[in-house]
Structure formats: structure tokens, C-alpha cells
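Accompanying notes for the structure given below.
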Amino acid sequence: MIRLIRVELAKVVRRPRTYLGYVAVLLILVPFLISLHYGRPEHFLRAQVGRDFAVVGTFFNALFLAHLVMKVVMVVFMPFFGSTVAGDVVAGEAGEGTLRTMLVRPVSRSAVLLAKYIVAALHAVGVTFFLLAASLGLGGLLFGFGDLFLFEAGLCIVPLKEGLLRLLGAYAAAALAVLSVASIAFLVSVLVDNALYAVGGALAVFIITGVVAVIPYFERLHPYLFITHMDLWQKLMLDPVPWAELGRSAAWLAGYCAACFLAALLLFRRKDILS
Amino acid sequence: MQSAAQANEPSQAAGAAAPVLRAAGLSKRYGKRQVVDGVDLEVRRGDVFGFLGPNGAGKSTTIRMLTGLVRPDAGTVAILGHDLHRRPQQALARVGAVVEAPALYPHLSGDQNLAVLAALSGGASPERRREVLRLVGLEGRAHDRVRTYSHGMKQRLALAQALLPQPELILLDEPTNGLDPGGMVEVRQLIRRLAAEEGITIFLSSHLLAEVEQVCNRVAVIHKGQVLVQGSVPELLQAAPFVTIAATPLEQAREVLAGIAGVRVAATDSGALRVECDPGRIADLNEALVRAGCRVSALVPGRLSLEEFFLDLTGSHP
């Protein structure tokens with residue numbers, strides 16, 4: 001199994017398109033860096049809290065950036081940067097025909113699929129943490145480190161050390177949310193011969209679920225939609241942290257990931273490789 | 001039928017006489033189209049087995065069923081005595097295959113491709129990889145990306161990939177498709193060499209009669225998803241030898257030939273007669289014609305073209 005994962009990893013890391021997600025993360029940081037560099041804390045405060053504050057010094061720092069970026073990109077963009085490899089690992093190889101070259105070898109299809117899922121998951125989690133690393137790195141370079149200012153429920157100032165811990169936890173929770181969308185892309189990837197369709201399919205599911213999630217008529221469905229639980233990382237920014245809610249959302253998302261993988265496994269084991 | 005029980009036993013127990021590959025009653029339907037319909041195949045140790053049929057006859061689907069890529073609706077496949085459906089890993093352990101056009105990782109080098117594909121099933125040492133690359137004549141380009149390879153080189157790398165696990169059986173799907181004439185000759189020579197020197201049993205599909213005649217000793221002909229005949233190549237293709245005879249006057253020649261026992265004048269086309277007879281009697285025919293005062297300008301022993309062969313087999317001769 002370890003050997004299969006290494007094989008999949010070797011193929012993925014040598015493929016230039018694997019790094020699209022990472023490049024996108026860097027590009028997306030640019031406008032944030034510009035706005036924090038040239039903008040003034042007062043403006044942010046007015047927008048966030050709705051009142052004017054007199055600010056002495058600044059709360060613009062690496063931690064603030066890492067948190068601010070997250071609020072914007074975790075909603076839609078990150079799940080898709082995190083899904084590119086998941087959508088590609090099966091469909092891409094089906095499209096290129098290398099899937100048949102692989103599967104005529106005496107190898108278990110289940111083991112191949114599990115190795116592929118693990119690599120896809122590593123990418124989804126990796127891209128998410130890359131956003132944290134890049135925000136802290138570039139933010140630290142430009143603005144330095146300091147206490148984390150949270151405006152979620154009134155104003156809450158979290159000391160640097162705890163702030164870093166909370167960010168780490170929030171990104172880990174967000175990685176699970178990204179992984180759940182990647183898992184949908186992975187499932188679609190087993191059904192199609194083109195990575196674009198797989199990621200597009202996941203996007204379609206995401207949008208339709210998102211629509212259902214805002215229509216009051218479907219209110220009774222809301223607790224069961226994965227999209228309802230995707231903002232779980234925000235709970236780590238509340239004081240006190242609602243751990244029970246957080247745990248429930250995490251369990252839902254993990255369940256969605258497992259269900260997608262199992263469905264993919266059932267389909268892949270029976271799939272006729274025609275490409 | 002009495003050897004069907006043997007197919008389920010391990011190859012060692014069944015001995016050298018057991019077929020390397022046996023398919024029984026393979027069928028596959030896509031939607032309304034019955035692509036493969038009850039195909040039986042038997043490939044014996046040491047065979048270079050040609051699987052001959054026009055495009056769309058069901059060759060590729062059959063090969064995909066023989067390699068476990070496609071699940072048959074009905075029928076069984078046993079390779080080296082192992083049931084492919086029930087024990088796919090044992091069945092495929094000593095099998096190499098190239099299904100359709102060679103599909104490799106373009107962003108990896110030839111050697112990396114082999115390493116990645118070998119790692120799926122136990123791995124291959126760098127020495128073994130060098131050995132197979134030398135065997136297919138790619139040792140000089142081993143570290144170039146496959147993206148830069150010609151089609152013929154990719155075909156040879158795919159063959160190298162099939163050779164990695166020291167297979168007893170290699171399945172090749174249209175191995176010369178898309179190659180230039182030089183590439184075709186190279187690949188055919190390689191196939192013959194693998195069979196003769198490495199003792200590998202080879203199953204290859206083709207729509208080219210000449211190719212099968214050149215490299216195969218046994219053949220099965222598939223048409224519209226069904227195997228029409230199966231046997232040794234000379235037997236099958238020489239089954240109805242004929243002679244094309246150009247002689248004047250043509251009508252008189254026809255009468256003379258029609259009068260000889262064991263000779264059948266099949267058709268007249270463009271001033272010549274197509275005569276079905278034993279090729280050993282050509283001289284007799286010539287003598288008879290000359291005696292009767294006919295002037296014979298050509299006596300050409302013929303073989304059926306693939307097209308005619310199929311038309312004959314399917315009974316749809318115009």
C-alpha cells in the first residue's frame with residue numbers, strides 16, 4: 001500500500017498542473033497584501049463593527065491576514081483549488097489511457113483507488129495549509145506578528161501564541177471542509193474521463209447544495225447538507241469555542257468524505273475501463 | 001469440453017499441455033449492441049496467436065475482457081490456469097499487455113514510466129528496466145521524457161512495460177497500428193524474437209492479414225463479435241487456394257478446365273479465370289490448356305485476400 005501511495009505521489013508531484021492550486025493561493029494573497037499595506041485599520045473596523053474607532057497602533061499583522069484571507073476564500077475558492085488533484089487522479093488517467101496500462105497489472109483496484117484518494121486528500125489538505133503558511137510568511141515579512149484581533153462577536157483580542165493555535169485549528173477544520181468538496185470531485189472523477197468534468201461536477205453539486213441551503217422551503221434538509229457544516233472553522237474564532245457544535249460538523253464532513261470514497265470504490269471496482 | 005476442469009487448476013499441476021489462455025463463451029453488450037458474442041479462444045504455450053478481424057469486429061473489447069479491464073456479461077477467462085474473474089491478481093501475475101494505443105505518462109521519462117508501472121506489481125530493479133529497454137532498443141532514450149518520443153518509440157516502451165514482469169504471456173492490441181512501414185517491420189521482428197528467444201507466448205490482435213501471416217502460427221478470426229474459425233494459419237488461409245489463369249480464347253479455356261476433375265472455375269474477371277484447385281496441379285492445368293490449343297499467358301497461384309476470406313467466411317460473396 002505504501003508503495004502504491006509513493007507511486008501515485010511520484011506521478012502527481014512531477015505533473016506541473018498539480019501546482020495550479022498553489023499558484024492560485026499566492027495570486028489570491030496579492031490583493032490582500034496590497035490592501036493591508038496601503039489601507040488603514042480604521043476602515044476595516046468601520047466595515048467590520050459598523051462603528052468608528054480611534055485606533056492607536058495597528059492590528060494588521062500576519063495572524064490578522066491569515067484569518068481575513070480565510071474568511072474570503074474558504075467559502076468557494078479553496079474547495080476548488082483543493083479539488084484539482086482529486087478530480088484528476090482517476091479521470092485524468094482515464095482520459096490519457098494510462099488507467100488501462102495500470103490496471104492490466106496484477107494490482108487490486110481497491111488498493112489503487114485508496115492510494116489515489118490518499119494522494120488527493122494530501123493535496124487538499126496541503127493547499128489549505130499552504131494558504132496558512134503563505135499568509136503567515138508573507139504577512140510576517142510585511143506586517144510582523146502580534147496579537148490576533150477577532151471581530152466575530154464584539155471585539156476579542158487573542159494573544160499571539162493562542163492566536164497561532166486557533167489559526168492552526170481553524171485551518172485544520174477548513175482542510176476537512178476542503179476535503180469534503182475534493183471527495184465529491186473524486187467520486188465524479190471515477191465516472192468521467194476528464195478532470196475538468198470532475199471538478200465541474202463537484203462545482204455543480206456545490207452550487208445546487210448552496211442554493212438548497214438558502215431556500216427556506218428546504219429548511220429541514222439544512223442540517224444534513226455538507227455545505228451547512230463547511231464553515232465549522234469559524235467556530236474556532238469564537239470565545240468560548242463551541243466544541244460540541246464543532247465536533248458535530250466535523251463528524252458530518254468526515255462522514256461525507258467517507259461516503260464519497262466508498263461510493264467511488266463501489267463504482268471503480270465494477271467499472272469497465274473503456275478509455 | 002473435457003478439459004474445462006483443467007482450466008481451474010494451477011498451471012504447474014495442469015502441465016505444459018494446458019492452454020496459457022482460455023476464454024469460454026465471452027459475451028459483452030453495450031446498450032443494444034452485442035459487441036462480443038460467445039467467443040471461445042484457446043492459446044497454447046509457445047503460440048504467436050493472431051486475433052484477426054476487421055475494425056469494429058469486437059477485438060478490443062475481447063482483449064479488454066482478457067485483461068480484466070472490462071467485465072464480461074457472460075463467459076470465463078482462465079490465464080495460466082487461474083480464473084481471471086475470481087483471482088485476477090494471480091491470473092495477471094505473469095502477463096504483460098498493451099491495450100490499444102500505448103498509454104504512458106508523457107511527463108515522465110521512459111525509465112520513470114517503467115519504474116512507476118512496475119511498482120504497481122512488485123517493482124523492477126534498475127537492471128531489469130535497463131534490460132527490457134535494451135531489448136526494445138530504447139536504452140539511449142531512457143531518460144528523455146516520453147512526450148518527446150515518436151509513436152514507434154512509445155509502442156516499444158509499452159512493449160518494454162509489458163515485458164517487465166518476465167511474463168509468460170503477452171497480449172498486444174494492434175501492435176503496429178499507426179506505425180510507419182519501418183516501425184511496423186521493427187515491431188514485428190521484435191515480436192518474433194520475443195517468441196523465439198524469450199519463449200513468450202504472444203496473443204496479438206490485428207486487422208492486417210499480412211501481419212498475422214508473417215508473425216503468427218495460429219489465428220482466430222472474429223467477425224461481428226463471433227469467432228468464425230480458429231486454427232493454424234496455413235491451414236486456414238490455404239483452405240481454398242486458387243489459380244488465376246489468363247488464356248485465349250477464354251471460353252475454350254473455361255470449357256477445358258471445367259472438364260478436369262477436382263477443378264472448379266469460380267469466376268471470370270477482367271479477361272482471366274479464377275480456378276479453385278490444388279496448387280500442385282497447376283502444371284497439369286497448363287498442359288491440358290496447351291494441348292487443347294489455348295495460348296496461356298499467365299498462371300498465378302493466388303491466396304485469398306483478407307477481404308475475400310471474410311466474405312467467404314460470412315457467406316456474403318457477391
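Coordinate-derived values only; no laboratory data. All of these numbers come straight from a predicted model, not from anything done at the bench. No Cβ is skipped: glycine too gets one built from the backbone with ideal geometry, and neighbour counts run over all protein chains shown.
Could you tell me which of rounded, prolate or oblate describes region A:131-177, using a ≥ b ≥ c as the square roots of the eigenvalues of the alpha-carbon gyration tensor, with rounded for a/c under 1.5 and, failing that, prolate when a/b is larger than b/c and oblate otherwise? Note, shape of region A:131-177 comes out oblate.
Computed from the alpha carbon positions, the gyration tensor of the protein assembly as shown leads to an equivalent ellipsoid with semi-axes of 68, 23, 22 Å, biggest first.
In chain B, Cα pairs under 8 Å separated by at least six residues give a relative contact order of 18 percent. Projecting the Cα atoms of B:Thr248, B:His107, B:Thr62 onto the dipole axis of chain B, where Lys and Arg carry +1 and Asp and Glu carry -1 at the beta carbon, places B:His107 farthest toward the positive end.
Rounded if a/c is under 1.5, else prolate if a/b is larger than b/c, else oblate: which is region B:242-302, with a ≥ b ≥ c the root eigenvalues of its Cα gyration tensor? The shape class here is rounded.
Using Cβ point charges alone (K and R +1, D and E -1), the dipole size of region B:168-308 about the Cα centre works out to roughly 460 debye. Across region A:174-185, rounded Karplus estimates of 3J(HN,Hα) from the backbone phi angles (6.51 cos²θ - 1.76 cosθ + 1.60, θ = phi - 60°) give 5, 4, 5, 5, 4, 5, 5, 6, 4, 5, 5, 4 Hz, Gly and Pro being marked x.
Coupling constants for region A:203-210 follow from the phi torsions by the Karplus curve (6.51 cos²θ - 1.76 cosθ + 1.60, θ = phi - 60°), and in residue order they are 4, 4, 4, 4, 5, 4, 4, x Hz; glycine and proline get x. Region B:146-212 and region A:88-152 have Cα centres spaced 37 Å apart.
Other protein chain C-beta atoms within 10 Å of residue C-beta, averaged over A:8-19: 2. Mind running the shape call on region B:189-245? Use the C-alpha gyration tensor, a ≥ b ≥ c as the square roots of the eigenvalues: rounded below 1.5 for a/c, prolate if a/b tops b/c, oblate otherwise. Here region B:189-245 falls in the oblate category. When peptides A:67-74, A:244-251 are ranked by their average number of other Cβ atoms within 10 Å per residue, the highest-first order is A:67-74, A:244-251.
Here chain A is assigned +1 on the Cβ of each Lys and Arg and -1 on the Cβ of each Asp and Glu. Its dipole about the Cα centre then comes out at about 900 debye. Note: relative contact order over chain A, using C-alpha pairs below 8 Å and six or more positions apart, is 24 percent. Close amide-amide hydrogen proximity is noted between B:Ile170 and B:Gly96, B:Thr201, B:Ile202, B:Phe203, each under 5 Å apart and 5 or more residues distant or on a separate chain (H modeled in the peptide plane; Pro and chain starts excluded). Candidates A:Ile2, A:Phe186, A:Leu45 compared by Cα position along the dipole of chain A: farthest toward the positive end lies A:Ile2, with charges placed on Cβ. Each peptide in B:98-105, A:163-170 gets a packing score, the mean of other Cβ atoms within 10 Å over its residues, and the list from highest to lowest is B:98-105, A:163-170. For the options A:Asp193, A:Asp147, A:Asp239, a Gaussian network treatment of chain A with springs between C-alpha atoms closer than 10 Å singles out A:Asp239 as fluctuating the most. Within 10 Å of the Cβ of each residue in A:92-102, the mean number of Cβ atoms contributed by other protein chains is 5. Here's how it looks for B:His223: its modeled amide H is under 5 Å from those of B:Leu228, which are all 5 or more places away or on a different chain.
Residue ranges B:56-62, B:180-186 sort as B:56-62, B:180-186 when ordered by packing (mean number of other C-beta atoms within 10 Å per residue, highest first). Normalising the Debye intensity of region B:117-256 to I(0), with uniform scatterers on Cα atoms only, and taking log10 at q = 0.13, 0.15, 0.18, 0.20 Å⁻¹ returns -0.68, -0.84, -1.08, -1.24. In this structure, B:Arg71 and A:Leu27 have a Cβ-Cβ separation that, at R0 = 45 Å, corresponds to a calculated FRET efficiency of about 0.50. Counting only other chain Cβ atoms within 10 Å of each residue's Cβ, the peptide B:103-112 averages 4. Note that chain B carries a Kirkwood radius of 21.8 Å, evaluated over its alpha carbons pair by pair.
When the helices of chain A are scored as -39500 (n - 2.57) per DSSP H run of n ≥ 4 and the total is divided over every residue, the value at 222 nm lands at -23000 deg cm²/dmol.
Given R₀ = 56 Å, what would the calculated FRET efficiency be for B:Ser125 paired with B:Arg29, taking r from the Cβ atoms and rounding to 0.05? Plugging the Cβ-Cβ distance into 1/(1 + (r/R0)^6) gives 0.80. Each Cα pair under 8 Å and six or more residues apart adds its separation to the average, and for region B:242-302 the resulting relative contact order is 50 percent. Lys-Lys pairs in chain B that are eight or more residues apart or on separate chains and whose Cα atoms lie under 14 Å of each other come to 4. Projected onto the charge dipole of chain B (+1 at Lys/Arg Cβ, -1 at Asp/Glu Cβ, origin at the Cα centre), which of B:Val233, B:Val132, B:Leu313 gives the Cα projection farthest towards the positive end? With unit charges placed on the Cβ atoms, the residue in question is B:Val132. Given +1 at the Cβ of Lys and Arg, -1 at the Cβ of Asp and Glu and no other charges, the dipole of chain B around its Cα centre is 860 debye to the nearest 20. For region A:162-275, the mean projected area of the C-alpha convex hull, equal to one quarter of the hull surface, is 8.6 nm².
Across region B:100-110, coupling constants 3J(HN,Hα) worked out from phi with the 6.51/-1.76/1.60 Karplus curve, θ = phi - 60°, read 6, 4, x, 10, 10, 8, x, 8, 10, 6, x Hz, and Gly and Pro carry x. Put simply, the amide H of B:Ala74, placed in the peptide plane, has neighbours under 5 Å in B:Ser27, leaving out anything fewer than 5 places away on its chain.
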